[in-house]
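Written below as structure tokens is the structure these notes are about.
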Ligand SMILES: [Zn+2]
């Protein structure tokens, strides 16, 4: 039988405020264990949590960027459960009146736009971290992360393949990056993704029994974890079995999911309104103020790059998917005119070196203006396109200006006709066979001779001039 | 009877409370009495009354996003039954 896939995602994003959600502890990532703590986030009795205003505004901003309705009235609730990473034995979250609801994100599915609905976004506090010490019969707890502000973005079960879930997550990350509410680093845990996935026979309206997937720590992990679940559930259904409703853990190394048993009662959270925190009322004026702060979002930016700069849709999509790349591109265009050339360098050399060095664009030493400068040096004949790659590599490594590198390494292109003519004549004299081939109509021979000339000049010969001289002199 | 002995056992388990058979009987009775008492309010017509989500007539109490001095570690561990100077130590938590 053929099965249809149904996926919904729950994404937690850490907000990059300066302080925690309900206390003034530093919200910086890392830090020595248990140094970013105070009586409030330690869960001491008698303390009073007070909401960080920026957390609320960040949540509103994220909500607007995801096309949500902002709740005029919202409140906090306690979610009760026991776990050693949660000192209070309850997490402050939002239950029935979340700050944002009914949004959507548009994704590209095989060239078509598909709308994925977002059910809600709510604010909550993060829990601490358990450090497992092998074999000692004990666990160690670091409370630094307790009280780090989170938003949880809950989608509807609108995705129909692991790839769609991947696209949704990518787009969501990009939107959150643009609004600058979160760092969105999955490896550091500032973006976390859980998934609900079920299968149903093709044509059936009703959803099948779903499994909840956890511990997918990268974008690839989400894709692979979901693909594995599709396979696993298909096999169960085809052999006449029934999928068990449970939480499963993705093991990235082994490439499998396994059941996290023993938490059957975990879903009885006994939510109730938190009496320590008072309700939030947001008026039109406040909403408008946040709206005015919204930056240009990925979809709009992509459209601008296509319509105003004439970039192909693919290029515009790749560049605007990352805010860092998009900013780099825009800055570079201030000093150079040809958008496609800029996009080629960004998607080519720049992305290649970033990937190779596992770096983010904000760690890159090359300033956009320096790339623009280098492109101008190609256009005015100072360096060839090929030498430019050497210059670029050096710029990436040292952050030096292209002119400086060219001078230091003696990379200026040889465009002097007299100087080049001598070398061309030498190469012709040394390669009579190739010259003969050329006269016999073998155009390929030219390529070989050009190669020889480049070798003799260590790549510095002006290619256009070389071609012209070669043909004249043969 | 709204609350059964089963409910008491369930709630006790969620709250990590150990309750004797005798106490279960007693608590079942007490909780039912409380709920009976509260259920009198169901007779009041609340059609035109907005649900109460908070008992205080306060709203929008915020703090500015400013990081302040954290608690020093000695104080952090002052009440901890067990610690190693860096972490709180708890009985092993077994995952999966
Ligand atoms: Zn704190």
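Per-structure values
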{"read-out": "Chain lengthening between residue A:106 and residue A:314 when straightened (0.36 nm per residue, less Cα-Cα)", "value": "73.2 nm"}
{"read-out": "Centre separation in Å (Cα based) which lies between the stretch B:1-48 and the stretch A:103-169", "value": "36 Å"}
{"read-out": "Pairwise label distance in nanometres, residue B:25 with residue B:79, each label 7 Å out on the Cα-Cβ vector", "value": "3.8 nm"}
{"read-out": "Estimated [θ] at 222 nm from DSSP helical runs (n ≥ 4, -39500 (n - 2.57)) normalised by residues in chain B, nearest 500", "value": "-10500 deg cm²/dmol"}
{"read-out": "Cα point-scatterer Debye curve for the stretch A:268-310, base-10 log of I(q)/I(0) at q = 0.19 Å⁻¹", "value": "-0.76"}
{"read-out": "Sites residue A:272 and residue A:138 - FRET efficiency at Förster radius 35 Å, r taken between beta-carbons, to 0.05", "value": "0.60"}
{"read-out": "Convex hull (Cα only) mean projected area of the stretch A:204-309, reported in nm² to one decimal", "value": "14.2 nm²"}
{"read-out": "Additional length obtainable on full extension of the chain from residue A:113 to residue A:442, 0.36 nm per residue less Cα span", "value": "113.5 nm"}
{"read-out": "Residue exposure sequence - B:8, A:6 - by fewest surrounding Cβ within 10 Å", "value": "A:6, B:8"}
{"read-out": "Efficiency of FRET from Cβ geometry, residue A:379 and residue B:56, R₀ 60 Å, rounded to 0.05", "value": "0.30"}
{"read-out": "Nitroxide proxy distance, nm - points 7 Å out along Cα→Cβ at residue A:407 and residue A:393", "value": "2.3 nm"}
{"read-out": "Fewest-first sequence of A:104, B:37, A:228 by Cβ atoms within 10 Å of each Cβ", "value": "B:37, A:104, A:228"}
{"read-out": "Order of A:212, A:293 - criterion: other Cβ atoms within 10 Å of each residue's Cβ, fewest first", "value": "A:293, A:212"}
{"read-out": "Dmax and Rg, reported as Rg then Dmax, of the stretch A:352-430 (C-alpha, Å)", "value": "15.6, 51"}
{"read-out": "Kirkwood Rh in Å, taken over all unlike Cα pairs in chain B", "value": "19.5 Å"}
{"read-out": "Unit Cα scatterers, Debye sum, the stretch A:1-60: log10 I(q)/I(0) for q = 0.13, 0.24 Å⁻¹", "value": "-0.48, -1.08"}
{"read-out": "Solution diffusion estimate, µm²/s, Stokes-Einstein, the stretch A:417-473, Kirkwood Rh from C-alpha pairs, 4 °C, viscosity 1.567 mPa s", "value": "117 µm²/s"}
{"read-out": "Principal semi-axes in Å for the stretch A:296-409 [√(5λ), Cα gyration tensor, largest first]", "value": "24, 16, 11"}
{"read-out": "Estimated distance in nm for a label pair at residue A:357 and residue B:4, the labels positioned 7 Å out from Cα along Cα-to-Cβ", "value": "6.7 nm"}
{"read-out": "Antiparallel bridges, percent of DSSP beta bridges restricted to the protein assembly as shown (to nearest 5)", "value": "90 percent"}
{"read-out": "Alpha-carbon Debye profile of the protein assembly as shown, log10 I(q)/I(0) at 0.10 Å⁻¹", "value": "-1.02"}
{"read-out": "P(r) weight above 16 Å for the stretch A:103-205, C-alpha pairs, percent", "value": "68 percent"}
{"read-out": "D (Stokes-Einstein, µm²/s), Kirkwood Cα radius, the stretch A:3-286, 1.567 mPa s at 4 °C", "value": "65 µm²/s"}
{"read-out": "Estimated FRET transfer efficiency when R0 is 41 angstrom, pair residue A:421-residue A:251 (beta carbons, to 0.05)", "value": "0.05"}
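Coordinate-derived values only; no laboratory data. Please read all numbers here as calculations on a predicted model, not as lab measurements. Please note: Cβ atoms are built from the backbone with ideal geometry, for glycine as well, and neighbour counts cover all protein chains shown.
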